[in-house]
Amino acid sequence: MDSVDLELFEQSLAHATSDYSGHALDAALEELGWPDALAIEPPAAISTLFPLQGANNSTSSALDHVVLHSLGLHPPPARGVVLPAIGQWDPPGTLSSDGLQVNGLASGALRGLEFAVVVAAAERGPTALAVPSASLTVARVDGVDPNYGLSLVTGEDIRTYTELEPASADWASAVAFARLALAHELVGASRKMLELAREHAVERMQFGRPISSFQAIRHRLADTLVAIEMAEALLDGAWLDVTPNSAAMAKAVAGRQARVTGRHCQQVLAGIGFTTEHPLHLFVRRTLVLDGLFGTAASVTKALGEEMIRVASLPPLLPL
Amino acid sequence: MTGSGGSATDVDDFRSSVESWLDDTQHMLAPEYPGSGTLDQQMAQLAKVKRSAYDAGWMRMGWPERVGGLGGSTLMRAYLGEALTTRGLVEPGLYSMTEVLAPTMIEYAAPQLAATVVPALLRGDETWCQGFSEPGTGSNLASLSCRAERTEDGWRVTGQKIWTSLAQYAQRCVLLTRTGTMESAHRGITTLFVDMDSPGVAVRPIETMHGVDEFSEVFFDNVEVPFARTLGEVDGGWAVAMDLLPYERSTSLWHRAAFLHRRLQDLLETAPPGALEPAKLGEVTQLLYAFRARSRATQHRMANGERLGPETSLDKVMLATAEQAIFDLAADTLTSEVTIGDDPTSERWRTEFLYARAATIYGGSVEIQRNIIARRLLNLGSDR
């Protein structure tokens with residue numbers, strides 16, 4: 001896509017993510033050719049859609065598409081994917097002589113589909129399996145963000161599955177791409193929170209002046225922008241080399257900075273931002289869930305430190 | 001500025017050529033002192049390395065030909081400083097003064113003057129300093145009062161500067177002076193290029209808490225400066241200063257990140273088993289890598305000829321945050337070295353920890369950076 005095409009594509013996606021959510025957004029994305037774009041140019045497809053989805057608080061099965069694409073599985077309409085359990089990034093399945101055990105999550109897209117793709121840890125390495133939905137227990141959860149539409153997916157001693165090609169699933173790549181997508185979504189949601197807080201700060205009058213004229217407010221919002229741009233910088237860098245390490249750092253920082261952003265923006269929005277009359281809470285809820293998918297900022301960061309200590313070396317540097 | 005982006009191949013060629021030159025000359029260029037050495041030793045080391053790199057041509061790459069450079073992408077300058085810093089051959093803060101002051105001279109000095117003096121700076125034959133802050137003028141730069149009066153053929157300067165890095169070593173000073181009324185604020189400032197051996201210039205180093213006395217007070221008592229040493233327009237010094245400040249937040253910070261990367265690696269290698277807390281280590285690494293990704297983009301924008309502006313305040317806040325976090329972690333990890341160690345290695349960690357306390361103060365405090373971010377990037381309007 002050249003820059004003009006990309007801009008038009010982005011505009012269409014902006015409309016779609018603002019007008020639709022869930023199945024309706026899936027249909028709109030299909031119509032706009034987003035799944036095709038993902039197959040041809042994953043960086044462009046992911047980095048345009050997910051920030052918009054984050055900013056509009058909308059949901060879709062785009063994350064499923066990203067995972068399936070990274071596994072080399074092109075998603076036929078009747079197949080969803082099981083994501084790792086909350087806070088985890090290990091494959092959601094375990095394969096042994098007892099059959100397949102499943103403990104994971106699914107987006108709303110999984111319901112009503114005939115098959116689910118489950119990546120399972122096996123002796124020979126991660127393996128992608130097609131599992132009939134009927135052999136899985138799929139239980140809808142509300143949690144902190146009912147709009148996100150997550151379900152808990154479990155299954156015990158399942159033997160009715162089909163192995164999918166390629167025989168060894170590139171789970172590390174699936175985790176990396178999912179983390180990049182989620183980091184973009186977190187950054188999009190963070191930018192929206194900052195926009196909401198900024199609007200409020202310039203309009204809200206106290207002591208006869210807009211509260212945006214007070215340094216305490218200005219510095220909070222400035223720190224918020226610094227926090228967001230840190231995550232954005234890591235994302236830009238991660239797309240240059242797309243390694244598990246760079247994707248993990250981008251996701252961890254995007255998650256941590258979304259928390260920072262929520263805290264600062266909540267404080268600036270004060271009373272109104274604590275009510276459901278104002279949309280801030282939607283983003284506070286959403287970013288908490290997004291942080292938990294494919295590893296929280298805290299757990300991913302700790303794992304990075306442990307690995308650095310183990311190898312006594314810093315992660316590779318992106319050259320100038 | 002040539003503003004040439006340069007092809008990736010040119011920069012890659014430069015990178016491998018510089019690395020092999022450094023491999024060959026490392027034994028001659030390496031410092032002969034233990035730890036971080038004294039400031040005198042660091043300055044002598046800097047001059048030695050700059051001269052070798054200039055004579056070999058590397059130090060001239062990325063600078064315009066009219067000031068003794070060999071042209072090409074500014075990325076080569078960023079890379080050279082990174083390589084010299086990573087190998088521990090130069091102290092990045094001292095080295096990067098060139099990156100702050102040379103672009104200003106190239107843009108604002110009369111061509112003849114720039115052609116004469118810039119090569120001496122690049123080659124390490126001269127040290128320059130930057131006379132901006134005053135005792136009564138810290139964050140509020142536009143309130144400066146060091147006075148320059150017009151004479152028949154130039155200026156007569158009287159006043160005082162403070163926090164002038166390396167003034168005691170400098171042959172020249174890029175000096176902000178008050179040429180309008182005090183009320184004229186930023187409209188009545190003129191930038192001059194002053195010889196530090198002029199009669200009436202006195203320098204008094206300031207004893208700092210980290211033990212490296214790199215800052216000085218500089219006193220000007222009726223110092224005569226030729227008119228040809230005016231940089232930019234008379235009463236147009238604010239523009240010169242505003243163009244200079246983003247340079248403090250671009251290549252200089254890239255070089256500083258190379259230093260921080262090396263020291264974090266050193267920390268990883270020297271930490272006693274179990275002393276490093278994984279979560280904290282992971283977090284400071286992310287801060288450093290986020291800054292580096294940000295600064296990398298800034299280097300590329302500069303190489304493509306973009307004018308740097310208020311967005312570099314984000315770079316500055318990120319770097320200061322990363323630097324303090326890294327040395328806080330060092331202090332938590334190497335407790336005995338930092339608190340009671342008297343050997344050169346311990347002293348170095350301690351010095352660097354203490355110097356990191358200033359990272360949020362010098363070069364425009366983070367409060368000033370936040371003010372810039374709030375007004376210019378977030379468009380929050382007036383703060384009154």
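Okay, here's what the table says:
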| item | result |
| --- | --- |
| 10 Å Cβ neighbours from other chains, averaged over peptide B:11-20 | 1 |
| Loop GluC sites (Glu not before Pro), the stretch A:222-315 (other Cβ atoms within 10 Å of the site Cβ: 16 or fewer; DSSP) | A:GLU277 |
| Selected from A:ASP19, A:ASP64, A:ASP90 as most flexible by GNM, with chain A as the system and alpha-carbon contacts under 10 Å | A:ASP19 |
| Calculated FRET efficiency for the pair A:SER168/B:ALA110, C-beta based, R₀ 60 Å, to 0.05 | 0.35 |
| 222 nm mean residue ellipticity, helices alone, for the protein assembly as shown (DSSP H n ≥ 4; -39,500 (n - 2.57); rounded to 500) | -17000 deg cm²/dmol |
| Compactness of the protein assembly as shown - radius of gyration and Dmax, Cα, Å | 28.4, 98 |
| Label point distance in nm, A:HIS23-B:GLU233, each placed 7 Å from Cα along Cα→Cβ | 6.6 nm |
| DSSP beta bridges in the stretch B:129-236 [antiparallel fraction, %, rounded to 5] | 90 percent |
| Square roots of 5 times each gyration tensor eigenvalue, C-alpha, the stretch A:166-268, largest first, Å | 36, 11, 8 |
| With Cα atoms, 0 to 90° folded angle of helix A:280-292 axis to chain A main axis | 40 degrees |
| Peptide A:223-236 - average C-beta neighbours from other chains (10 Å radius) | 6 |
| Of the chymotrypsin sites (Phe, Trp or Tyr not before Pro) in the stretch A:228-297, those whose Cβ has at most 16 other Cβ within 10 Å and which sit in DSSP loop | A:PHE274 |
| At least 20 Å along the helix axis (C-alpha) and Kyte average at least 1.0, DSSP helices within chain B | none |
| Stretch gain in nm, segment B:ASP343-B:ARG307, where the contour uses 0.36 nm per residue and the Cα spacing is subtracted | 8.4 nm |
| A:LEU105 long-range amide H proximity, modeled H, under 5 Å | A:LEU83, A:ALA85, A:VAL153 |
| Gyration tensor over alpha-carbon atoms, the stretch B:212-340, equivalent ellipsoid semi-axes in Å | 38, 21, 10 |
| Choice from B:ILE106, B:ILE368, B:ILE162 with maximal GNM fluctuation in chain B (Cα, 10 Å cutoff) | B:ILE368 |
| Paramagnetic label zone (point 7 Å from Cα along Cα-to-C-beta, A:ARG159; backbone N under 18 Å) in the stretch A:64-106 | A:94-102 |
| Inter-site label distance for B:SER145 and A:VAL144 at 7 Å from Cα along Cβ, in nm | 5.4 nm |
| Neighbour-count order for B:VAL212, A:VAL82, fewest beta carbons within 10 angstrom listed first | B:VAL212, A:VAL82 |
| 10 Å Cβ neighbours from other chains, averaged over peptide A:306-317 | 5 |
| Chain A: angle of helix A:3-19 to the longest principal axis, Cα-based, in degrees nearest 10 | 90 degrees |
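A short reminder: the numbers here are calculations on the coordinates, not readings from a lab. All values reported here derive from a predicted model rather than from experimental measurement. Because the Cβ atoms are built from the backbone with ideal geometry, glycine has one as well, and the counts that use them run over all protein chains shown.
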